[in-house]
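First comes the structure, then the notes that go with it.
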Amino acid sequence: MTETNDMSILAIAEHTDASLKAAMSAPPSIARRPLDPIDIARLQGLAIANAEDASLWRWFSLMLQDTRIRWCVAHGNWLVSVEHRHVATEASFDEAMRAAKARFDGPDKRR
């Protein structure tokens, strides 16, 4: 890692730490206000996203452990193969893994 990257990571960590301290010292009246429908929807969205992420990365780690998944970047796209079959090509690693899992787990399993 370069010195510039080290400094960036340190700056992010310090900013995050300061933000957490500020949030923890918020007055109790703000922290305990009743949730309105938009807050509830936001929390439900967060819970769904967290569950989807957890499922994806559990799948990924099991595939990696069993050496059933491979990936590379070519011409600005991530290519993913599962069990020696190409299943996804996407612009970002995250999108490629999500597409690979969806195709691998999908109803059309031509493996």
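Out of the stretch 83-103, which residues are in contact (Cβ under 8 Å) with a residue 24 or more places away in the chain and either more than 16 Å from residue 53 (Cβ to Cβ) or touching a strand residue (DSSP E or B) at 6+ places or on another chain (Cβ under 7 Å) (or both)?
83, 85, 96, 97, 100
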Inset, instruction - Among what's in the stretch 50-96 and is part of a strand (DSSP E or B) and among the β-branched types (Val, Ile, Thr), pick the residue that is nearest to residue 106 (Cα to Cα). - result: 87
Inset, instruction - Just need a number here: residues in the stretch 46-91 that are surrounded by 12 or more Cβ atoms within 10 Å (Cβ to Cβ), among the small types (Gly, Ala, Ser) and modelled with pLDDT of 95 or more. - result: 2
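The values are calculated or read from the model by the stated rules, or taken from the named source; none is laboratory data. Computed from a prediction, not measured in an experiment: that's the story for all the values here. No Cβ is skipped: glycine too gets one built from the backbone with ideal geometry, and neighbour counts run over all protein chains shown.
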